[in-house]
Amino acid sequence: AYMLVNIFTRKQEARNPYLKLVNVDETTTDPRVWGTNWPRQFDGYSRTVDQTHTRYGGSEGAIPESRIERDPWLKRMFLGYAFSLDFRDRRGHAFMLYDQEQTLRVTERAQTGACLHCHSAATTTWRRIGLESEGKTLADAHGFDWPAVMTGFKALSAMSYVDAHAELMKTPDGSTESFRDSIVPADKPATTQQALAAHVGEAHPVSCVDCHDPQNMELRVTRPGFVTGIAKLAASNEPTPHLPSIERWRKGNRSKAYDPNVDATRQEMRSFSCAQCHVEYYCGPKATLFFPWDNGLKVEQIEKLYEEMKFPDGKPFLDFVHTETGAPIFKAQHPEFELWSQGVHARAGVSCADCHMPYTREGAMKVSDHWVRSPLLNINRSCQPCHQVAEEELAARVQTIQDRNHALMSRAGHAVDGMISAIVAAKAAGANDEQLKHARELQRRAQWRLDFVNAENSMGFHAPQEAARILGESIDYARQGELAATRWKNPPPATQPGR
Amino acid sequence: AYMLVNIFTRKQEARNPYLKLVNVDETTTDPRVWGTNWPRQFDGYSRTVDQTHTRYGGSEGAIPESRIERDPWLKRMFLGYAFSLDFRDRRGHAFMLYDQEQTLRVTERAQTGACLHCHSAATTTWRRIGLESEGKTLADAHGFDWPAVMTGFKALSAMSYVDAHAELMKTPDGSTESFRDSIVPADKPATTQQALAAHVGEAHPVSCVDCHDPQNMELRVTRPGFVTGIAKLAASNEPTPHLPSIERWRKGNRSKAYDPNVDATRQEMRSFSCAQCHVEYYCGPKATLFFPWDNGLKVEQIEKLYEEMKFPDGKPFLDFVHTETGAPIFKAQHPEFELWSQGVHARAGVSCADCHMPYTREGAMKVSDHWVRSPLLNINRSCQPCHQVAEEELAARVQTIQDRNHALMSRAGHAVDGMISAIVAAKAAGANDEQLKHARELQRRAQWRLDFVNAENSMGFHAPQEAARILGESIDYARQGELAATRWKNPPPATQPGR
Amino acid sequence: MRGPSPNRSIRPWLALAIPIGLAAGLGLYTFSYAEGLSYLSNDPGACNNCHIMNDQYNGWLKGSHHAVATCNDCHVPAGFVEKYLSKAANGYHHSKGFTLQDFHEPIMIKANNAKILQDNCLRCHGDLVHEVVAGATTAADAVKCVHCHRSVGHGPTR
Ligand SMILES: [Ca+2]
Ligand SMILES: [Ca+2]
């Protein structure tokens, strides 16, 4: 009889996809409210607080391990920048706001409100501030209201982190008073309870409304940085074989800028929703947050943009000046989207969500696993639908790639360390700015590349050959920098910063 | 219980797969004789003289382009060795003997008989010499007769190239006088006719008998270098996930050495038949030809073997001393099998023949395309059965990989060039052997790695990340060598040849 | 050429014993409600009765063979007795897997079924490939058709 009943239930499940129990709209940032309608997705989402472990990835329950303590060359590279104070392993989405609030980079250094772009469900706050700047209120919003969001985003970016954070806390999260009391299901483990309780009724980490249209649950992008950045990429000449909708848009009349919410395919949206945050950015005090994709997504195309860019005050673009050497440095942050773009998975149309939010069968239904995490914890669902190969073999393939990448990265780290020491020695021996110019430029190039691969979080997996190429270049520039600093008194006549 | 009989078995038993018109045996080295029985395969084989062209590969009709003239750093790397005289692009199999006979490496420098191991259908000659050394003749052979072949191989390797070549020419090729007159089908283009006519009745390039058992046409390996080398690899501890029969053999009692002709799967044989020649080797005057696989197939495992090896005269192993710098150098040759072994295709069980000899439909029959050549000339057969992606897209994926590899290789080339200049300058400034020791060691390491990737013929495709990793290391050692030479007067205290 | 191993041939008998036992009780009703009897049909829609087969069904629609071969042409042995033996064995696996939801996902073909599949490729294409196969189709040495033709049955997405 068990078999019979069971098969009956499963047949039923295959029908009616979702039943809306409560209403959600643009102002509903509390994921628990959405969870009433979509309990399976909410369940996955709320598991992003769980501890997991893989060789190079995973998620800690406690504050994660420090990356700068693990790799001393990394700390040295960052001297002069907040990243030398505190830089840790990433962990699950539910922690993003908390982790930002408590990092020494925020508590010990002044940061801008733009930081919240990727660490909170900020759209309602942007919309509110945007409307308020025109003397209106949230009630006057036209749906998502892009113009208001853009205005508010710029206003919040120009604020200090502290002020912007306070605005975030002031925005209601769409949950009712009575609802709030009922929360934090007792059957969840302690950490989950804490994470969910941390922001009851106020600010939240990335939430359903950031990726979904509340009317129809369709995927969408909501981040000004991404919408602006991807339009610039589309307007460039860089081939994008992995993003067919851009190539299609380019063949059109281009009367309207490329708009991912209009032009992108559903499969592309399954990556774009992540590319709202998992990208290289600038978010310092001297310019509004932007994604540097005007020339393309490759490491040297971004570098070229930075090299040629001036701040509004006319000074050349840079992130910081290296304390020990005085070199102007570009800082790379988590360029997952950029590196993925150079890999064969992207070319084959495999999206972030395919691997990080694989479909999982719940009875007769297939739902996207909203426990966004390392695919290595989930190889059968993440990889085996495409690669019908034993789990251990797939794990071994990844490990081969990651171990190679790790070894080459450490090699580049030592080279950069050697270079810095050589420049320091030259300075101590009396080399002047002119005599150190070439070495410092090489330091910038070497660090930019090493940082790009290190800051990227897949340990090379997203595009193995490209990551190795970048590291090879980093090593070349680092050792050339060491040579330039060593020969500062008698530079060889032809020394040009060769490409 | 025997009801589930394979229907195909019954069908096959009733059928003789091949219709033999003429007899072929161990002494039939003339491929045209085999061609009478297997005209389709012979047809493909004889097209290996045809001209083809791809970006980095292909085959010339005339003597191919010089690789050392194309890349000046390559020529400089080889100064002191025959490769600096003449080193050209490879081309089709039918040319292998002719190209060896006419290279300046052979005409201007003394070479050993071991060269013929991979450029001719030499098994019958080895067998004959082996038997003659015991006072017997070919008529006394027991089938393939491995003991006689081994003895003959060693004897021929110890001879000069000229003498060994003369022995090769003396061995009958299994064709009859009348057959010889009828050859060179008039419907073949001129180059084919020339290539086929070149060695009528005498020595031949690699022939059917080198890869097939004449009794049943099964694949086999016939090359002493390979049989010895692969047994050493099997005896090592290096994991070989891509060669399951070795892992299986290791679990056995190991009473007999691993024997590819007995132990390997058919799919492995589809790579082993190529690994008889497309491998790194030593074939100089000071030791019998060998494949250096005792520690494994990776670039640093082979390097370690060479570093620890002594010649019979007790001197440390080396290929040559660099003319300009005096550094002892290891020379890498076409490590296709070794690099393929590090790639994902090998792990996925994809063999050389899968890509380079894809099945092709000939009338009602599928046969292996014996026109061994670049798969890029044949993407629909070589790649598309597995990758259901447009031809242009597949070509673009290959090109992306190859262009990246090419750029990084040129970068490494410049680094090596810079290093050599620095060592030359240090020597000129009076540095002695002791003071140059470290720089020279670094030169050896840097060149070994760059040469490994350059000599490999797929421009990185066979294992893209691994090739890039090797180049990254090459760059590191080259620039470190430049530094060591630059600082020869005041080496930094801690300078150890770091790994 | 190596003959079929006794081991491989016995297993279906063993497996058959179990559904027979099950059929004696409520199991028979269960089996038929779940369209277990669809194994006895040649209609691909019958396989697709089970949502777990949706991916394969959809793939088959996109595969190169949907006009020339149905599920059973590839996945069930050709001979009459062999056919129903296999159907019983697989039918048991499927019902059990579906009910207990304890199978590996994604579904991966097991060695015995892969061999049946290969035999079916050869049943239709034996003449074409007889030279390249040259006898070895069953042992570790088999030229596995799906090594290259990964997508014949279920299209490129598989
Ligand atoms: Ca940045
Ligand atoms: Ca060599």
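Observations
- Filtering the range B:384-402 to residues that are assigned to a loop (DSSP other than H, G, I, E, B) and among the polar types (S, T, N, Q) leaves B:Gln384, B:Gln388.
- Residue in the range A:227-243 that is more than 14 Å from every other protein chain (Cβ to nearest Cβ), touching a strand residue (DSSP E or B) at 6+ places or on another chain (Cβ under 8 Å), within 25 Å of A:Gly143 (Cβ to Cβ) and surrounded by 16 or more Cβ atoms within 10 Å (Cβ to Cβ) present: yes
- Filter result (more than 18 Å from A:Gly418 (Cα to Cα) and in a helix (DSSP H, G or I)) within the range A:71-83: A:Ala82, A:Phe83
Matching residues to (1) within 16 Å of ligand 2 (Cβ to nearest atom); (2) in contact with a helix residue (DSSP H, G or I) (Cβ under 6 Å, 6 or more places away or on another chain); (3) closer than 29 Å to A:Pro464 by Cβ:
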| residue | (1), (2), (3) |
| --- | --- |
| A:Gln301 | no, no, yes |
| A:Lys310 | no, no, no |
| A:Thr323 | no, no, no |
| A:Trp340 | no, yes, yes |
| A:Gly343 | no, no, yes |
| A:Thr360 | no, yes, yes |
| A:Ala364 | no, yes, no |
| A:Pro385 | no, no, yes |
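- Comparison of B:Ala455, B:Ala463, B:Ala428 shows that the only residue that is modelled with pLDDT of 95 or more and more than 24 Å from the chain's Cα centre (by Cα) is B:Ala428.
- Residues of the range C:63-82 classified as surrounded by 16 or more Cβ atoms within 10 Å (Cβ to Cβ), in a helix (DSSP H, G or I) and within 12 Å of another protein chain (Cβ to nearest Cβ), total: 1
- For the range A:412-427, the condition of being hydroxyl-bearing (Ser, Thr, Tyr) and either touching a Lys or Arg at 6+ places or on another chain (Cβ under 8 Å) or more than 10 Å from every other protein chain (Cβ to nearest Cβ) (or both) holds for none of the residues.
- Unmet requirement for A:His119, which otherwise passes all of (1) over 18 Å from A:Tyr45 (Cβ atoms); (2) modelled with pLDDT of 95 or more: (1)
- Of residues in the range B:265-288 being within 14 Å of another protein chain (Cβ to nearest Cβ) and touching a residue at least 24 places away in the same chain (Cβ under 8 Å), the one farthest from ligand 2 (Cβ to nearest atom): B:Arg266
- Pairing each residue of the range A:323-337 that is farther than 17 Å from A:Glu300 by Cα and β-branched (Val, Ile, Thr) with any residue that is at pLDDT below 95 and more than 10 Å from ligand 1 (Cβ to nearest atom), provided the two are 6+ apart or on different chains, yields no C-beta distance under 7 Å.
- Verdict on B:Asp89 being over 17 Å from the mean Cα position of the chain (by Cα), surrounded by fewer than 18 Cβ atoms within 10 Å (Cβ to Cβ) and acidic (Asp, Glu): no
- Which listed residue is away from ligand 1 (no atom under 16 Å from the Cβ), surrounded by fewer than 22 Cβ atoms within 10 Å (Cβ to Cβ) and within 30 Å of A:Val350 (Cβ to Cβ), from B:Val424, B:Val367, B:Val350: B:Val350
- Filtered by the rule that a residue be closer than 20 Å to A:Asp319 by Cβ and surrounded by 24 or more Cβ atoms within 10 Å (Cβ to Cβ), the range A:455-472 gives A:Glu456, A:Ile470.
- Count of the range A:295-310 residues which are within 14 Å of ligand 1 (Cβ to nearest atom), more than 22 Å from A:Ala439 (Cβ to Cβ) and in contact with a Leu (Cβ under 9 Å, 6 or more places away or on another chain): 1
- Failed item, numbered, when A:Val321 is tested on (1) among the hydrophobic types (A, V, I, L, M, F, W, C); (2) touching a His at 6+ places or on another chain (Cβ under 9 Å); (3) farther than 30 Å from A:Pro241 by Cα: (2)
- Matching residues in the range A:358-377 - criterion: being without any contact (Cβ under 8 Å) to a residue 24 or more places away in the chain and away from chain C (no Cβ under 14 Å): A:Pro375
- Verdict on A:Ala287 being part of a loop (DSSP other than H, G, I, E, B) and within 16 Å of ligand 1 (Cβ to nearest atom): yes
- In the condition set (1) away from every other protein chain (no Cβ under 14 Å); (2) away from ligand 1 (no atom under 16 Å from the Cβ), A:Glu247 is compliant with all but (1).
- Pick from the range B:378-398, criterion of a type in the set (D, E, K, R) and touching a residue at least 12 places away in the same chain (Cβ under 8 Å), ranking: surrounded by the most Cβ atoms within 10 Å (Cβ to Cβ): B:Arg381
- Cross-chain or 6+ apart pairs with Cβ under 7 Å, the range C:96-122 first and touching a residue at least 60 places away in the same chain (Cβ under 8 Å), then assigned to a helix (DSSP H, G or I) and surrounded by 17 or more Cβ atoms within 10 Å (Cβ to Cβ): C:Phe98/A:Ile7; C:Phe98/C:Ile52; C:Thr99/A:Met3; C:Thr99/A:Asn6; C:Thr99/A:Ile7
- Every listed requirement among (1) under 20 Å from B:Pro335 (Cβ atoms); (2) in a helix (DSSP H, G or I); (3) touching a residue at least 60 places away in the same chain (Cβ under 8 Å) is met by B:Tyr98 save one, (1).
- Residues in the range B:268-287 that are of a type outside the set (A, V, I, L, M) and at pLDDT 95 or above: B:Glu268, B:Arg270, B:Ser271, B:Phe272, B:Ser273, B:Cys274, B:Gln276, B:Cys277, B:His278, B:Glu280, B:Tyr281, B:Tyr282.
The values are calculated or read from the model by the stated rules, or taken from the named source; none is laboratory data. For clarity, every value in this text was computed on a predicted model and none was experimentally measured. All Cβ positions, glycine included, derive from the backbone under ideal geometry; neighbour counts span all protein chains shown.
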